[in-house]
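Structure in structure tokens, see below.
The values are calculated or read from the model by the stated rules, or taken from the named source; none is laboratory data. Predicted model only: the values in this text are computed from it and were never measured. Cβ sites come from the backbone with ideal geometry, for glycine too, and all protein chains shown count toward neighbours. Just so you know, the surface numbers come from the protein's heavy atoms only, side chains and all, with ligands and any DNA or RNA stripped out. Shrake-Rupley method; radii C 1.70, N 1.55, O 1.52, S 1.80 Å.
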Amino acid sequence: MCGIVGYVGYREATDLLLEGLFRLEYRGYDSAGVAVLNGGEISVRKKAGRVHELAKLVDANPVHGCLGIGHTRWATHGETTDINSHPHVGGNGEVVLVHNGVIENYTSLRTFLQEHGFVFRTATDSEVIAHLISYHFTEQTEQGGDPKNSATAIKAVEATLKRLKGTYGLGIIFQEFPKMLIGARAGSPLVVGIGQGEYFLASDASPLVGYTEEVVYLSDHEMAILSPDSFELLHRDSGALSPSIQTIDQVAADVDLGDFEHYMLKEIFEQPQTIENAMRGRFDEDEATAKFGGLNLDPQQLRRIDRVVLTACGTSWHAGLVGEYLLEEFARIPTEVEYASELRYRNPPLTDNTMVFAITQSGETADTLAAMRECKRKGHPTLAICNVVGSTIAREADGGIYLHAGPEIGVASTKAFTSQVTVLTLLALYLGRMRHLSYPAGQRLIHQLKSMPEIIRKSLDCFETVKNVAQKYSEFSNFLYLGRLHNFPVALEGALKLKEISYIHAEGYPAAEMKHGPIALVDEVTPSVFVIPRGGIHPKVISNMEEVKARRGPVIAIACEGDTKVDNLADDIIRVPDVEEYLQPLVTAIPLQLLAYQIAVVRGCNVDRPRNLAKSVTVE
Ligand code: G6P
């Protein structure tokens, strides 16, 4: 949600900033801008639209200098216009900044600043920060601070941050100080890249790849003061800190589209590999169980767990629902799946031995982070199932499991979902083997899991069939997605995928629940996508299908190879390999991802950058 990049050093800042913004564009793409200290003046270029629009603007009207900041926006306050784009200018241009986050008390601050003569040019909450720094800079100088000394500017920033309520990741530069870049964080991620005679600032490590391997992740209420040859880290309460330097995850560099038309398609086709990565080194075949390096809980603690809470948002929440079925089935541990946005403000009674798992691809989702912190504050072990190494949630969790899925660029999550489900299956095996699950049952599950990458490869063979189905249905405006048991969360996820990238209304439901409402929607122009692989419940879902057919609803079936029972009922059939019921979500998710993708392509939608969405939602 908004990407920030900053540079101070010896190179042309604009080139680096633009490259960084292209890499961060997944965080928001409503508008983009840069500000560069250009011969004693800060020059700002900003524009509504994608980063390539900004690049054209900068090409036509270049800015030169070795200090700069950039921003790619996901709008919260104020429309997506040129003027509301970042960077924002404070006072008379003495300070310029980029902001990621939401300032909750911006209305009162705006009134205060207007009363002190500040003129607002934009409808954003971020502009108040720029003016407030300017206000405090003047105040500092009136109290004897030297306006030519950078310490005065730093004090002005500190005074400003104390007055902000809400969240921020900030990149700040001053006209008077051509060698100083300030970064500050509360709630929104920020990382400093350490170079030789240069420093970088960014919302995540992706813009730094290829420039430096050494990074420092800022924590809340920390401020980084960067110059070409110095890095000072200050904490709001404890003052100067010594930075903890980490090595960047070079896997983050793998953002090449290859021969694929879109990242989403590339990521769908990566799933045989990403599922394998999620399992690599995590089987203990002698004990017929799974093993994890980073749970940081001893077997006694794990044995005592009597309840699991899985908390997440969006697609990760759907993976959590699959996890609930698996954990209850294999480990017999009561499991609940909570929307993080609800859990953070609820006060559910959690037993002493409740283990909380935050499930998140990005590791930055604001609600998931807040829910995790709330549970941690109450003393529960909080763990994370996370993809992005070094992300805030990964760092703040007591322990956890990485997905190792590589960067997911497409805004609609695909490979992260199947990796999350894979990791949750391993977790269910692991906790199950500590309890009721027998040795042979553990062995069988390991054997089946090991065959999954190859089975997923076969599932992708439905690509051409899905293309034809997508052509046929792309003009329909409402879809139902129906599935039962393990495939109910898959139905939810299929509907979400279609909504996200095709802008078609779709509802996911447990197939049998359909008769309690959604069936009223069924008519000739409302297709129902039935997720109906083989299993004990198959005949029941066939009956649900009959109910739709009786009302002349078109039926698309996701069914197993060789299942002839659907032949006379379904208008279109997409075949998938037959696997055990508890592994079906991994297989049945694939055609639904492809269906959403193909329908979006036929409709000419922006598959990787759907309107109004962002990959990493760092605001509430
Ligand atoms: C956004 C993304 C979704 C994602 C959700 C949760 O809404 O567009 O694809 O599922 O956030 O993100 P997380 O990174 O926490 O899994």
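Enter the angle in degrees (range 0 to 90, nearest 10) between the Cα long axis of helix 314-326 and the first principal axis of the Cα atoms of the chain, meaning the one along which they spread out most.
Helix 314-326 sits at roughly 40 degrees to that axis.
Among K450/K565; K415/K458; K415/K549; K47/K415, which pairs are too far apart, with a Cα-Cα distance over 24 Å?
From the list (K450/K565; K415/K458; K415/K549; K47/K415), the Cα-Cα distance tops 24 Å for K450/K565; K415/K549; K47/K415.
Could you give the accessible area per residue of the chain, probe 1.4 Å, as a whole number in Å²?
Counting only protein heavy atoms, the per-residue value for the chain is 37 Å².
Further question on the same structure: Determine the principal axes of the Cα atoms in the chain, then give the extent along each, sorted from largest to smallest and rounded to whole angstroms.
On the principal axes, the chain reaches 83, 56, 42 Å in Cα extent.
I've got another one for you. Can you send over the carbon and sulfur percentage of the accessible area for region 60-170, probe radius 1.4 Å, protein chains only?
50 percent
Would you give the gap between the C-alpha center of region 277-299 and the C-alpha center of region 1-54, rounded to a whole Å?
Distance between centres, Cα-based: 43 Å.
Order the peptides 364-374, 312-322 from the highest to the lowest mean number of other Cβ atoms within 10 Å of their residues.
Descending packing order for the listed peptides: 312-322, 364-374.
When the accessible area of region 340-487 is split by element with a 1.4 Å probe, what percent falls to carbon and sulfur?
50 percent
What per residue convex hull volume, in Å³, do the alpha-carbon atoms of region 461-620 yield?
Here the figure is 120 Å³ per residue.
A further question follows. To the nearest 0.05, how large is the calculated FRET efficiency for T351 and Y503 if R₀ is 51 Å and r is the Cβ-Cβ distance?
0.75
I've got another one for you. May I ask for the Rg/Rh ratio of region 259-450, computed from Cα atoms with Rh as the Kirkwood radius, given to two decimals?
Rg divided by Rh gives 0.96.
Same structure, new question: What do you get when you divide the Cα radius of gyration of region 3-254 by 2.2 N^0.38 Å, with N the number of residues?
0.92
Around Y473, under 13 Å between beta carbons, what's the net of Lys plus Arg minus Asp minus Glu among the other residues?
Overall, the nearby charge balance is -1.
Let me ask something else about it. Projected onto the charge dipole of the chain (+1 at Lys/Arg Cβ, -1 at Asp/Glu Cβ, origin at the Cα centre), which of L109, A156, P87 gives the Cα projection farthest towards the positive end?
Towards the positive end, the residue furthest out is L109.
Among bridges DSSP assigns within region 461-620, what percent are antiparallel (round to 5)?
Taking every DSSP beta bridge within region 461-620, about 0 percent pair in antiparallel fashion.
Can you compute 3J(HN,Hα) from phi for each residue in region 41-48, using the Karplus curve 6.51 cos²θ - 1.76 cosθ + 1.60 with θ = phi - 60°, rounded to whole Hz and x for Gly and Pro?
With the stated coefficients, region 41-48 comes to 10, 8, 9, 10, 10, 8, 7, 5 Hz.
Toward the positive end of the charge dipole of region 461-620, about the Cα centre and with charges on Cβ (Lys, Arg +1; Asp, Glu -1), which of G535, N568, G508 goes farthest?
In region 461-620, that residue is G508.
To continue, here is another question. How large is the dipole of the chain about the Cα centre if only Lys and Arg carry +1 and Asp and Glu carry -1, each at its Cβ, rounded to the nearest 20 debye?
Computed charge dipole of the chain: roughly 860 debye.
Then there is this: Region 117-193 to region 368-383: how many Å between their Cα centroids?
Computed from Cα coordinates, the inter-centre distance equals 31 Å.
For the chain, build the charge dipole from Cβ charges (+1 Lys, Arg; -1 Asp, Glu) around the Cα centre, then report which of P518, M355, T392 sits farthest towards its positive end.
The one lying farthest along the dipole's positive direction is P518.
Based on DSSP, what percent of beta bridges with both residues in the chain are antiparallel, to the nearest 5?
Percent antiparallel among DSSP bridges in the chain is about 60.
How far apart, in nanometres, would the label points at S219 and E524 be if each is projected 7 angstrom from Cα along the Cα-to-Cβ direction?
With each label placed 7 Å out from Cα toward Cβ, I get 6.5 nm.
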